[in-house]
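Visitor: Starting off with a structure, shown below.
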Amino acid sequence: MCGISGIYDYSNQLTKDLLIENINSMCELFKHRGPDNYGYWIKNNIIFGHNRLSIQDVSNNGNQPMVSNSGRFIITFNGEIYNVNNLRKYLLKHINFSLKSSTDTEVLVEIIELVGINKALSLLEGMFAFAIFDIKELTLFVTRDRVGIKPLYWSNINNFFLFSSEISAIKKFHKNLEIDRDSLASFFRHNYVPTPHSIYKNVYKLEPGKLLIFKDKKIKMFSYWDLSNYFEKTDTNNKSYSLKTVIAEAEKILTSVVKDCMISDVPLGSFLSGGIDSSLITYLMQKQSRKKIKTFTIGFDFNKYNESTYAKKIADFIGTEHTEIIVNENDALETITKLPEIYSEPFADSSQIPTYIISKMCRKNIKVALSGDGGDEMFGGYNRYSYGAQINSLNEIIPSQIRDVLSKILVNDKWVKIITKLENFFPLNRIHNFSGKMFTLSKSLISRRYDIYKAIISHTQTPNSLVLNSNEKSTPVNNPIDIQKKMPFKLFMRFTDMISYLPDDILTKVDRASMFASLEVRVPFLEKKLIDFTWSMQIHEQEKFFKKKIILKEILAKYIPKSLFERPKMGFGIPLNFWINEKLKHWVSETLDLTEIKNQGYLNVQEVKKILNDKNSDGYFRNNYLVWDLLMFQSWYNFNK
């Protein structure tokens, strides 16, 4: 796992010394991604940089950038290839020279030279982002793994093609990048800037499953993998499964991918929350290990959010070497000051705080951790799938005229005042931002299915009102493909999460937090073998089997008593509203200074006031998630101005 960067000066503006100076300063910004070694490769007007976190073959033989045996191809690679042993066997049958290392990087660059980039990508299993340059054809290839586990930014500005693991490096080179107001509006809807956009104009995230080819000053983009292709195949796939068969096959594949993800020449362990996903991954790790697996969990000195006791019981039952840490508001504030640097563009999933804290704790003991991320998207674990399907069903049976009336009633000022008063009493006060959810429902009732999803996941339904002179960017949700239209609604939501929320929120959160602590995190649930199995099933089978994680629950129940893991879904939540209204109140008021916000000229101060003044009877923010978005943008802005 590493950090990569590159400059292609295709109009020959810089000297060799200036190219080296620039790549050094770019890579210096994310040396945390690879503190074990730094190197660069340069030829004429192109330069690659690489920060290495040594995982496989920790000797100098694994340092990068790496040149192929023939000298034709140069690669800078971030990630892990889990089927490297099979690829190495295949390679050794077809080459007449010896490999210099036992790294996956060397195997990768030689495989690409042997079979070509397209076939090589189809063979890879793992997580990756890399660039490779063909000296003979003067062609640059830049690519990213299928589901977006590893990041890659790129730009083509002023005759410089740049790529990097983090956007801060591109900003270091192009010092006058302009904030994209449209992307900022999208940030306030989602709490992240959706791919392929970034917070800056003319800087982009490479989409998962894409191959970018730069040659003769032109960019071509290809999809080497697309989740929607599975649904084209299901039309001709007549294979049928029973639940028993699916459970058995899923366990077999999961066991295999966990084993693959445990390949390492350095110590490894697992994140253990005590929930279904992390408990199953941890069990399968311990089952295949001769030593006790090191497990790590995090809790809070706030009982409602403290799951550490559940994790401890699971760890004791499985028999792992367990470590836990309890976090308070002082730990949170210390971490908050680092967030603008950790996430080099605005990012506001509040579980970023515990994710970084646990990563930092893990790194003291291990260098690689496995996590349960992806389990909800792969096996239908989110409650919103059912909620969204219910709204969609209402839309299908209630005439549009009636839905239009209901929608207007739900946002009528008199009704909103009644709801606001009721919200302070049981049971509505237990539902986060109940009046806000009524507004979401009102938007959903008059929406197409694509807008229902967007309404449900949004932190604000009106981001263009919050960001001055903005027109929200389109996302995969705004651009539905024909196959999505044919899907049952729960499957449509799960599909859309896989191509948007998962890479842009969940995987971004974990990658940036863990790599800032120089920790590699692997995600077995998102391995190709498991994706191939689950997503290639017939649509009616996906509707039947992939709900509320019944498959994972049944597998886990074979080995761990249900009483230890069956409880209401909590997620990786934190006592956010308590912290920002109580212990971190001073920091909030200092960060959200309205005079400063007005002078910056990006946000509508009147809208910001409305958000900050919208409080319940306890004086707490009703929409604390949107307040957190504001805090994260302002913190990022102040750090980068």
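Visitor: Looking only at segment 212-222, count every residue that is in contact with a strand residue (DSSP E or B) (Cβ under 6 Å, 6 or more places away or on another chain) and open to solvent by 60 Å² or more (accessible area, probe 1.4 Å) and tell me the total.
Guide: 4
Visitor: If only one of Lys172, Lys136 is farther than 23 Å from Asp216 by Cα and among the basic types (Lys, Arg), which one is it?
Guide: The unique qualifying residue is Lys172.
Visitor: Could you check, for segment 410-429, whether at least one of its residues is modelled with pLDDT of 60 or more, within 28 Å of Leu184 (Cα to Cα), assigned to a loop (DSSP other than H, G, I, E, B) and open to solvent by less than 70 Å² (accessible area, probe 1.4 Å)?
Guide: No - not one qualifying residue is present in segment 410-429.
Visitor: Out of segment 95-110, which residues are modelled with pLDDT under 95 and either among the polar types (S, T, N, Q) or over 18 Å from Gly39 (Cβ atoms) (or both)?
Guide: Ile95, Asn96, Phe97, Ser98, Leu99, Ser101, Ser102, Thr103
Visitor: What number of residues within segment 326-351 satisfy the criterion of being within 19 Å of Val588 (Cα to Cα), open to solvent by 50 Å² or more (accessible area, probe 1.4 Å) and over 24 Å from the mean Cα position of the chain (by Cα)?
Guide: So the answer is 1.
Visitor: Which helices (runs of 4 or more DSSP H) does segment 451-519 wholly contain that include 3 or more residues that are aliphatic (A, V, I, L, M)?
Guide: Fully inside segment 451-519 and qualifying: 507-516.
Visitor: Right, here's the next one. If we scan segment 96-117, do we find a residue that is hydroxyl-bearing (Ser, Thr, Tyr) and within 25 Å of Arg512 (Cβ to Cβ)?
Guide: yes
Visitor: Met1 is checked against (1) out of contact with any Leu (no Cβ under 8 Å at 6 or more places or on another chain); (2) at pLDDT below 95 and fails just one. What number does that condition carry?
Guide: (1)
Visitor: Filter segment 528-557 down to residues that are part of a loop (DSSP other than H, G, I, E, B) and either farther than 16 Å from Ser278 by Cβ or in contact with a strand residue (DSSP E or B) (Cβ under 7 Å, 6 or more places away or on another chain) (or both), then give me how many there are.
Guide: Adding up the residues that qualify gives 6.
Visitor: Here is a further query. Yes or no: segment 505-512 includes at least one residue that is under 20 Å from Tyr204 (Cβ atoms), of a type in the set (Asp, Glu) and open to solvent by less than 30 Å² (accessible area, probe 1.4 Å).
Guide: yes
Visitor: So which residues in segment 503-555 are small (Gly, Ala, Ser) and modelled with pLDDT under 95, if there are any at all?
Guide: Ser536
Visitor: Please go through (1) surrounded by 24 or more Cβ atoms within 10 Å (Cβ to Cβ); (2) more than 23 Å from Gly34 (Cα to Cα); (3) β-branched (Val, Ile, Thr) for Ile81 and return the number of the only condition it doesn't satisfy.
Guide: All conditions are met except number (2).
Visitor: Another question, then. In segment 364-398, which residues are assigned to a loop (DSSP other than H, G, I, E, B) and of a type in the set (Val, Ile, Thr)?
Guide: Hits for segment 364-398 are Ile366, Ile398.
Visitor: Also, I was wondering about something else. For segment 592-633, what are the residues that are of a type in the set (D, E, K, R) and open to solvent by 50 Å² or more (accessible area, probe 1.4 Å)?
Guide: Correct list: Asp593, Glu596, Lys598, Lys609, Lys610, Asp614, Lys615, Asp618.
Visitor: For Leu14, indicate whether it is among the aliphatic types (A, V, I, L, M), farther than 23 Å from Glu166 by Cβ and in a loop (DSSP other than H, G, I, E, B).
Guide: no
Visitor: Hey, which of the strands (runs of 3 or more DSSP E) in segment 208-325, taking only ones fully inside, have at least 1 residues that are within 23 Å of the chain's Cα centre (by Cα), of a type outside the set (Phe, Trp, Tyr) and modelled with pLDDT under 95?
Guide: The qualifying strands (runs of 3 or more DSSP E) are 268-271, 294-300.
Visitor: Another question, then. Of the residues that make up segment 174-188, is at least one open to solvent by less than 10 Å² (accessible area, probe 1.4 Å), in a helix (DSSP H, G or I) and touching a Leu at 6+ places or on another chain (Cβ under 8 Å)?
Guide: The answer is yes, given that some residue of segment 174-188 is open to solvent by less than 10 Å² (accessible area, probe 1.4 Å), in a helix (DSSP H, G or I) and touching a Leu at 6+ places or on another chain (Cβ under 8 Å).
Visitor: Give segment 449-482 a look and list any residue that's buried (at least 21 other Cβ atoms within 10 Å of the Cβ) and aromatic (Phe, Trp, Tyr), or say none.
Guide: Matches in segment 449-482: Tyr453 only.
Visitor: Continuing with the same structure: For segment 171-182, how many residues are in contact with a Phe, Trp or Tyr (Cβ under 6 Å, 6 or more places away or on another chain) and within 21 Å of Ala129 (Cα to Cα)?
Guide: 0
Per-residue answers, yes or no, for (1) open to solvent by 30 Å² or more (accessible area, probe 1.4 Å); (2) in contact with a helix residue (DSSP H, G or I) (Cβ under 6 Å, 6 or more places away or on another chain); (3) free of Cβ contacts under 8 Å to residues at least 60 places away in the same chain; (4) not hydroxyl-bearing (Ser, Thr, Tyr):
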residue	(1), (2), (3), (4)
Thr15	yes, no, yes, no
Leu18	yes, no, yes, yes
Glu21	yes, no, yes, yes
Met26	no, yes, no, yes
Lys31	yes, no, yes, yes
Gly39	no, no, yes, yes
Ile46	no, no, no, yes
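Visitor: Are any residues in segment 468-501 farther than 22 Å from Phe546 by Cα and either in contact with a strand residue (DSSP E or B) (Cβ under 6 Å, 6 or more places away or on another chain) or basic (Lys, Arg) (or both), and if so, which ones?
Guide: Lys473
Visitor: Right, next: Would you confirm whether or not segment 574-591 contains a residue that is open to solvent by 40 Å² or more (accessible area, probe 1.4 Å), in a loop (DSSP other than H, G, I, E, B) and modelled with pLDDT under 90?
Guide: No, every residue in segment 574-591 fails to be open to solvent by 40 Å² or more (accessible area, probe 1.4 Å), in a loop (DSSP other than H, G, I, E, B) and modelled with pLDDT under 90.
Visitor: Would you mention how many residues in segment 48-63 are in contact with a strand residue (DSSP E or B) (Cβ under 9 Å, 6 or more places away or on another chain), free of Cβ contacts under 8 Å to residues at least 60 places away in the same chain and outside any loop (DSSP other than H, G, I, E, B)?
Guide: Total meeting the criteria: 6.
Visitor: Tell me, please, whether a residue that is among the polar types (S, T, N, Q), outside any loop (DSSP other than H, G, I, E, B) and at pLDDT below 95 can be found in segment 594-606.
Guide: no
The values are calculated or read from the model by the stated rules, or taken from the named source; none is laboratory data. From a predicted model like this one, the values you see are computed outputs, not experimental measurements. Reconstructed Cβ throughout: ideal geometry from the backbone, glycine too, with neighbour counts over all protein chains shown. These area figures cover heavy atoms from the full protein model, side chains too; ligands, DNA and RNA do not enter into them. Shrake-Rupley method; radii C 1.70, N 1.55, O 1.52, S 1.80 Å.
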